[in-house]
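Below: the structure, in structure tokens.
The values are calculated or read from the model by the stated rules, or taken from the named source; none is laboratory data. Not measured: the values here are computed from a predicted model. Neighbour counts are summed over all protein chains in view; Cβ atoms, including those assigned to glycine, are modelled from backbone coordinates with ideal geometry. Just the protein is used for accessible areas: all its heavy atoms, side chains included, with ligands, DNA and RNA removed. Shrake-Rupley method; radii C 1.70, N 1.55, O 1.52, S 1.80 Å.
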Amino acid sequence: MIIRTARPARSLVALVWVVLLLAVSVLVPAMPAHAASSIQIEARALVGGRYAVSGWMAISVTLVNDGEPTDGVLATSTDAGNVERYVEMPAGARKVVTLYVQPEAFQRRLTIEYREPNGTVREVVEIRVFEQSSNQVGVVGDGAGNLRPQLTPADARNQPAPLALTLADLPERSEPLDGIHVLVWADDSTALSENQRRSISRWVAEGGELVVVGGPDWQARLGGFEDLLPLEDITAVDDVPQAALAAWAGSEAPPAETATVSTGTLRPDARQLIAAEDGTILASMRNVGGGRVILLGVDAASQQHRTWDGGTRLWSRLLPSNAAFEEFFGGFGGAEEMQNAMGNALSNLPSLEVPPAELLLVVIVAYILLIGPISYVVLRRMDRREMAWITAPVLVIVFTAGSFGIGNSMKGTSIIVNRISVLHTSGIDGTASAEIYAGIFSPDRATYAITAEADALLGRMRSINFQGNEPTSDVILEQGNPARLRNLAIGVFGFEAVRANAIVDHAASLSVSWRSEDGKLIGTVTNVGEETVEDVAFISSSGGDLVERELAPGATAEFSVEQTNFNGSSASDQVYGFGGFDNASEAQRRIIMRRQVIDALVGFGGFAPGMEFGTGTVRGPFVIGWTDDAGPVPIVLDDVTAQEYAQTVEVVSVRPGVGSGEVVIRPAQMSVGLVETEGDAGSQGGGMVSLGEGSATFSIALPLEATEMAVSELEIIVGPDPSVVLSDPGGFGGFWPPGYTMEVRDPETGAWTELGDISQKNRFEIDDPATAVSDAGRIEVRISGSEVDPNFGQVSVFVSAQARGVIGE
């Protein structure tokens, strides 16, 4: 018997496959072809590839189109969202576009994409976070490497190395420069674009320090900064003697006998630092807003200065540092702390309050009684106890609905936008750096789009997470003018916050001037605006003072800068007093919000008790004032009607200085550095030394503003650490075993004079201050260990000084 297989079925399947293959071969060529993208991109991170924690980074992207016209989106992503910028690319076009992003903490790479209809091209950029220090120096134009070695002090441990930059590293906005505190310039400033120049000016006004190096090439180096420099009518003078430069640096001989110097006439608000024997100004400085500009007339970027033994000492005097205090006291609070404080201020809304404890207690007790004994008694009287299986779930549902209704009535049904505008002003160019914070409360689960009516940098505040919403990368940040944020998802009764940075036209309302009176530093605030300013205050990382509740247009008010705040209280406590956290009224709610903004600006507690740095930094000092207006940059929810609250605070970065007349320079105002060590001695960084059988030589310097101070009283103070030097324990020296002696150097003769054994006392008065203070305002002290008890090992030492004298106008 022969069995036949079902060949017709197999033949039919084969026939179907043949037809499909033929169809594919015919249809595929007929489909429109998409060629690979013809766009080429090259991405580079500016500012040396560095960024501050929670700060902005600038990515410069060069796009070249060798093919057909196209358009697309230049994009990158971090946990703050997807940053996008629309870019059109005509045939043959070459464009340079800058993306501004907020990298994640300690992120090392960013992927940049250009997405267009023909495909996507990518490039990976290497990035690094700035060290969290107030001593980061950037050097522009040091191609030969002559400046950076001079900028590295002998006790540079734990301090970031100077960062080499080029003109192409400088962004056209000031935000990416936040991680740099000093910028040393030895390049062609006339090659800067107008936006780059404004970016540097804005950075200086907000607390940066710009040092411009002159010399024979002065026209190129100085030309872009004419309006910032301390001198005007600048010219070059040949064969200027350099002995004064050597004396100011504390060196026996200058790098050369004479040099070509870029010099000129002092502006009215500038100060001379160094002058040659013939009166030629060698170095000068000028305070600009909260920052400072120094002009060094000689070419310190030369090989002669690199090999000069006074180079490092010259720069340590020009750029005084409080590194020891910062390291010991832990430094400034992080950016996350600032955002958390600002988030607390934004969330200060009735809709986000926790229900009163009394109401919660009533609801819980009523629930327990009703579902328990009351329900049992009622069903028992009805002789229907078996109905408990029905009444219990019904009561649970009723109480759940009731609780939801109570919550809904308390939180309301309106969308709320709470906006706080922080305007950093300097009064130098009619503009302000605006930081606009907006908190959005949503009664329902929804996704929102936000528009900022300016060329702003928008971002989601990643630390705001009140309702358990997980941070999402689905947020899209469209950069341009206006700037937009899309896909901001908020849950039921949820809250999210965003931040925008922009440069806006704004005439400053507050101006500040300084003077010295009976050894105290007095500040005068004037309302130069047209509206009354509320709660005018002086705040810093070490304290605060409420100057005036209401300052009318044209009115002035005075305050003094306290130098001794040893209780560690926050600036907000000192401005508004302790307590006062009852938010029952709108006025109290406003005060709480303002306290929290102060905490965001300068920190929650005294950074270093008794300290006032006297330099503009991200943590102050500031003079602030409030107005009840929406600020210069509207932030609106697209296609949504919202209830709005708005407050604006003007923040003036100030540099208190030391005033004129009779003044007192306290230990915290001095800069301390380690000059050299011998024998069993080692630097702990920032001027602190571990000392055994050896010696350590310290340099104690007056503030630059006090360089020409006629010192009448001088006291050298030593302690095992900065806290002892600042707190004045009474002068006794019981911190060390016998055998450690202190000496002071005569700047004229170079001779050392013994002051005493620091085991006996820790404060030493100098009978004749002229034998200890140099013309540059520098004091050199040496502590030596000889025949010390080996059982004690090394001891820790730190020195500073207190001086009283007169500073001329």
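Observations on the model:
Matching residues to (1) modelled with pLDDT of 85 or more; (2) among the basic types (K, R); (3) closer than 20 Å to E708 by Cα; (4) open to solvent by less than 30 Å² (accessible area, probe 1.4 Å):
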position	(1), (2), (3), (4)
G756	yes, no, no, yes
N762	yes, no, no, yes
E765	yes, no, no, no
T771	yes, no, yes, no
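- Counted residues, segment 265-312 - those being at positive phi and either buried (at least 24 other Cβ atoms within 10 Å of the Cβ) or among the charged types (D, E, K, R) (or both): 1
- Restricting segment 72-106 to residues that are open to solvent by 30 Å² or more (accessible area, probe 1.4 Å) and not in a strand (DSSP E or B), the residue that is nearest to N487 (Cα to Cα): D79
- Residues satisfying the stated conditions in segment 717-743, i.e. within 22 Å of G682 (Cα to Cα) and under 38 Å from the mean Cα position of the chain (by Cα): I717, V718, G719, P720, D721, P722, S723, V724, V725, F735
- Selected residue (criterion: nearest to R292 (Cα to Cα)) from residues of segment 203-220 that are open to solvent by 10 Å² or more (accessible area, probe 1.4 Å) and outside any loop (DSSP other than H, G, I, E, B): E209
- Filtered by the rule that a residue be surrounded by fewer than 23 Cβ atoms within 10 Å (Cβ to Cβ) and of a type in the set (S, T, Y), segment 437-457 gives T447, Y448, T451.
- Any hit, segment 695-718, residues being in contact (Cβ under 8 Å) with a residue 12 or more places away in the chain, more than 27 Å from D775 (Cβ to Cβ) and assigned to a strand (DSSP E or B): no
- Test: residue in segment 785-797 that is modelled with pLDDT of 90 or more and open to solvent by less than 30 Å² (accessible area, probe 1.4 Å): yes
- Hits in segment 238-253 (condition: part of a loop (DSSP other than H, G, I, E, B), open to solvent by less than 30 Å² (accessible area, probe 1.4 Å) and without any contact (Cβ under 8 Å) to a residue 60 or more places away in the chain): Q242
- Taking the conditions (1) surrounded by fewer than 19 Cβ atoms within 10 Å (Cβ to Cβ); (2) closer than 30 Å to A710 by Cβ; (3) under 26 Å from the mean Cα position of the chain (by Cα) in turn, G543 satisfies each one other than (1).
- Given (1) more than 30 Å from Q150 (Cα to Cα); (2) modelled with pLDDT under 75; (3) open to solvent by 60 Å² or more (accessible area, probe 1.4 Å), index of the condition F328 fails: (1)
- Leading residue by the ranking (nearest to the chain's Cα centre (by Cα)) among those in segment 57-71 that are within 25 Å of D142 (Cβ to Cβ) and open to solvent by less than 10 Å² (accessible area, probe 1.4 Å): M57
- For P153, the conditions (1) in contact (Cβ under 8 Å) with a residue 60 or more places away in the chain; (2) touching a helix residue (DSSP H, G or I) at 6+ places or on another chain (Cβ under 8 Å); (3) surrounded by fewer than 22 Cβ atoms within 10 Å (Cβ to Cβ) are fulfilled apart from (3).
- Failed item in (1) open to solvent by less than 20 Å² (accessible area, probe 1.4 Å); (2) in a strand (DSSP E or B); (3) of a type in the set (V, I, T), with T235 passing the rest: (1)
- When each of S189, S193 is tested for being open to solvent by 10 Å² or more (accessible area, probe 1.4 Å) and at pLDDT 90 or above, the lone residue that passes is S193.
- Extreme residue, surrounded by the fewest Cβ atoms within 10 Å (Cβ to Cβ), among residues of segment 510-540 that are under 20 Å from W203 (Cα atoms) and of a type outside the set (A, V, I, L, M, F, W, C): S511
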